[in-house]
1. Which numbered condition trips up L218, out of (1) touching a Gly at 6+ places or on another chain (Cβ under 9 Å); (2) crowded, with 19+ Cβ neighbours inside 10 Å; (3) part of a helix (DSSP H, G or I)?
2. What is the one condition in (1) surrounded by 14 or more Cβ atoms within 10 Å (Cβ to Cβ); (2) in a loop (DSSP other than H, G, I, E, B) that D98 does not satisfy?
3. Regarding D250, is this residue open to solvent by 20 Å² or more (accessible area, probe 1.4 Å) and in contact with a strand residue (DSSP E or B) (Cβ under 6 Å, 6 or more places away or on another chain)?
4. For segment 279-301, name all the residues that are among the small types (G, A, S) and within 19 Å of the chain's Cα centre (by Cα).
5. For segment 169-200, which residues satisfy the criterion of being over 15 Å from the mean Cα position of the chain (by Cα), among the acidic types (D, E) and at negative phi?
6. So which residues in segment 169-195 are among the β-branched types (V, I, T) and surrounded by fewer than 21 Cβ atoms within 10 Å (Cβ to Cβ)?
7. Which one of the conditions (1) surrounded by fewer than 15 Cβ atoms within 10 Å (Cβ to Cβ); (2) closer than 22 Å to S22 by Cβ does G85 fail to meet, given that it meets all the rest?
8. Between G139, G131, which is at pLDDT 95 or above and either polar (S, T, N, Q) or not in a helix (DSSP H, G or I) (or both)?
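The values are calculated or read from the model by the stated rules, or taken from the named source; none is laboratory data. Keep in mind it's a predicted model, so treat the numbers as computed, not measured. Here the Cβ positions follow ideal geometry from the backbone for every residue, glycine too, while neighbour counts run over all protein chains shown. Remember, those area values only see protein heavy atoms, side chains included, never the ligands or the DNA or RNA. Shrake-Rupley method; radii C 1.70, N 1.55, O 1.52, S 1.80 Å.
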Amino acid sequence: MIQPQHTGGRVNVLTTPEVITSIDELRSRLASARERAVPGDARIVLVPTMGALHAGHLTLVRRARSRGDIVVVSIFVNPLQFGAGEDLNTYPRTLDADVAALAEEGVDFVFAPTSQVMYPAGAASTRVTAGAVGALYEGAARPGHFDGMLTVVAKLFNIVGPDLAVFGQKDAQQVFLVERMLADLDFRLALEIVPIVREEGGLALSSRNRNLDPAQRLAARSLSAGLDAAASAAPQGVAAALAAAHARIDVQPLVKLDYLVVVDPRTFLPVGADHVGPARMLVAALVGNTRLIDNVALDIP
């Protein structure tokens, strides 16, 4: 049970999170938690995850804890996001360790449903579609991935009813699509985007990093090095930024580049060579059998 301590309207949790697998039970427990809060209008913050939590996830949770009264972390490996030949069956599932880590962060509820709970009739017939942008970049490499992502995120928003949801900037295309879904479908919640958390050496934290051997991990640092070089070269224009990134990445034989592109953050479409203003560089590559993504903001004067 939650034992809230009220301080200026906030709820400070003194016990480990409640792990809930039922939609109805979660809704009931959240309603009760809201009622117990002072002044009765507690702010619910959701952090959606697929588990196998690392320091990057915990940074999101800390942000959520600082921004809300009741923190819900969902842990669900969503089958709709995985295509044929992808790693659904081998994706790491570490619920006990995840809950222990979340207890240290003062999380109130862990929502850990099964696929049967989320999709009782099998694969959902009604889905949110990501449109043309959802078929680019990661969507080109993983057809249907973003439709599955948006569908489960919409379900989680409807189940939890959060006032705020916290996402990480590492999945930049995901963030763009979720922001657009909220605007297009009039969801009544806000998003907060947390900057990328990196390992020493620059590699963006990812649950898949555990699949890298030492040589691959060293080679994978070229992705963030390329992005850093692009940011430094951005004052010379789009072509210079791309050339600087390629110069750092292409020399790594263990890194097989999928895409390296500069996009307009307002549309997420590729920019022209004459683009001026804010932009974002996206990169994806295979390092061994492990697919890694990263991105960086650019300012092109």
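1. (2)
2. Only one criterion is unmet by D98, namely (2).
3. no
4. Once the filter is applied, which keeps residues that are among the small types (G, A, S) and within 19 Å of the chain's Cα centre (by Cα), segment 279-301 yields A284, A285, A297.
5. Result: D184, E199, E200.
6. V175, I193, V194, listed by residue number.
7. G85 satisfies every listed condition except (2).
8. Checking each option against the conditions leaves just G131.
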